[in-house]
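Have a look at the structure below, then the notes.
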Amino acid sequence: MTQSTETQQEATPQAKAGAVIIPVTLFEQNCTLIWCTASKKAVVIDPGGDAPKILRAIQQSDVKVEKIWLTHGHIDHVGGAAELRDELKVPIEGPHIDDKYLLDNVVSSGARFGMTGVRDFAPDRWLNEGDQVQIGALSFDILHCPGHSPGSVVFYSRELHFAHVGDVLFNGSVGRTDLPGGSHETLIKSITEKLLPLGDDISFVCGHGAGSTIGQERLTNPFLTGEM
Ligand SMILES: [Zn+2]
Ligand SMILES: [Zn+2]
């Protein structure tokens, strides 16, 4: 997996997958385009808004988007999902159904942040613990990781040693739990029981800011080392 922020960088030829991060919305949310190098089939994870910017990145990467995946239902992650589904004519997969109350209220959440043109919607498929999703030759396991929101999911590829963790875990921090449906205790349980066991060599992209590895966070993240 190669990765770049803001620049449209191609995957190295031998890599099975490529990715670019497209920061969107006033929350600088890491909308992520991931593709299978062999087939050029791609997925957009968390199109939070700024659909024209996402469409430009897709075009520049010269890939064919076949799916939209959502890590959870917060406005900065889903605000552009309905628009992009219409534009690209592809299905939306995720999050877990426990975030349905958020997807039923995208318009009212958006209004709070001055985000217009967003729509309430239902995904084409809810995701559950143990499900698998595919894009081209790439396969990702679904880990249901509640705590930041009740329906948060993580997309994990064993083969790529990679996970997209949404707002569950951050570089040096963890997801906020002060929003309705949040639980810090549940979040830490999700991280310690589902993410840390994936192994220290797993690199991850998170919903905001720079990514990291499970090993780095296990050793230095104050929320995991007991300092916070
Ligand atoms: Zn969130
Ligand atoms: Zn977020």
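The values are calculated or read from the model by the stated rules, or taken from the named source; none is laboratory data. All of these numbers come straight from a predicted model, not from anything done at the bench. FYI the Cβ positions are ideal-geometry reconstructions off the backbone, even for glycines, and counts take in every protein chain you see. For accessibility, only protein heavy atoms count, side chains too; no ligands or nucleic acids. Shrake-Rupley method; radii C 1.70, N 1.55, O 1.52, S 1.80 Å.
Some points to look at:
- Average Cα contact separation per residue, the chain, under 8 Å, 6 or more apart, as relative contact order %: 14
- Helices in the chain, meaning DSSP H runs of at least 4 residues, each add -39500 (n - 2.57). Divided by all residues, the mean residue ellipticity at 222 nm is -5500 deg cm²/dmol.
- Taken about its Cα centre, the chain carries a charge dipole of about 420 debye when Lys and Arg each add +1 at the Cβ and Asp and Glu each add -1 at the Cβ.
- Portion, in percent, of the accessible area of region 182-221 that falls on carbon or sulfur, probe 1.4 Å: 54
- DSSP beta bridges fully contained in the chain are about 70 percent antiparallel.
- Kirkwood-based Rg to Rh ratio, the chain, C-alpha trace: 0.94
- Using only alpha carbons, region 26-150 has a radius of gyration to Kirkwood radius ratio (Rg to Rh) of 0.95.
- Carbon and sulfur %, accessible surface of region 22-79 computed with the full protein complex present, 1.4 Å: 51
- Percent of Cα-Cα distances greater than 20 Å, calculated over region 142-196: 16
- Residues of the chain: accessible area per residue with a 1.4 Å probe, Å²: 42
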